[in-house]
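The values are calculated or read from the model by the stated rules, or taken from the named source; none is laboratory data. The structure presented is a predicted model; accordingly, all values stated were derived computationally and were not measured. Here the Cβ is made from the backbone with ideal geometry for all residues, glycine too, and neighbour counts use every protein chain on show. Quick note on the areas: whole protein, heavy atoms, side chains included, nothing else; ligands and nucleic acids left out. Shrake-Rupley method; radii C 1.70, N 1.55, O 1.52, S 1.80 Å.
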Amino acid sequence: MAVNRCARQIPRGGAAPVRAAPGDSADGPVLVSIVYHVSPDDGVAFARAMENVARSRRRTGALTWGLYEDGTEPGRFIENYLVGSWAEHLAQHHTRQTVTDRRFEEQARSYLLPGTTPEATHAFDAAVAAGKGHRVPAPPPAPDVSPASGAGQDG
């Protein structure tokens, strides 16, 4: 089983991520995950602030977006979003993000526990990494077991 390659970075005020794994701009989708630690008492307000971040992520190129709270660690939130390629993700940082987008991120970060910073990971599509294209191949079709095929019938 192939494993996604990850690059780590801590996002800060529009700073571009650094990719640890080799690749090019057409290397397939990138899953961005960012972990935030907030007081459980601030969870609802943080999630509300992240709604603006979600709109910003989608506007700048995210194909999907979600925010999840860890079921075993209250106040630990995980933001996940998918972009089409590493080049698309870099464009989010270099050319698409506005001052307003950065303000939305800072508003959400105002709920972080003191002494904590968000931690981001970037996971790259394992099928692309294995040289098999942009998607994991579909499984072969199931054998035909309909009565018309004669399969599964006693002889």
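For R59 and T121, a Förster radius of 22 Å and the Cβ-Cβ distance give a FRET efficiency of 0.50, rounded to the nearest 0.05. Spin-label model, E106/E73: points 7 Å from Cα along the beta carbon direction are separated by 2.8 nm. Accessible surface for T116 stands near 40 Å², nearest 10, in the context of the full protein assembly shown (1.4 Å probe).
Report D for the stretch 43-126 in µm² per second (integer): Stokes-Einstein, Kirkwood Rh on Cα pairs, 4 °C, 1.567 mPa s.
Numbers: Rh = 13.7 Å.
Translational D for this selection: 95 µm²/s.
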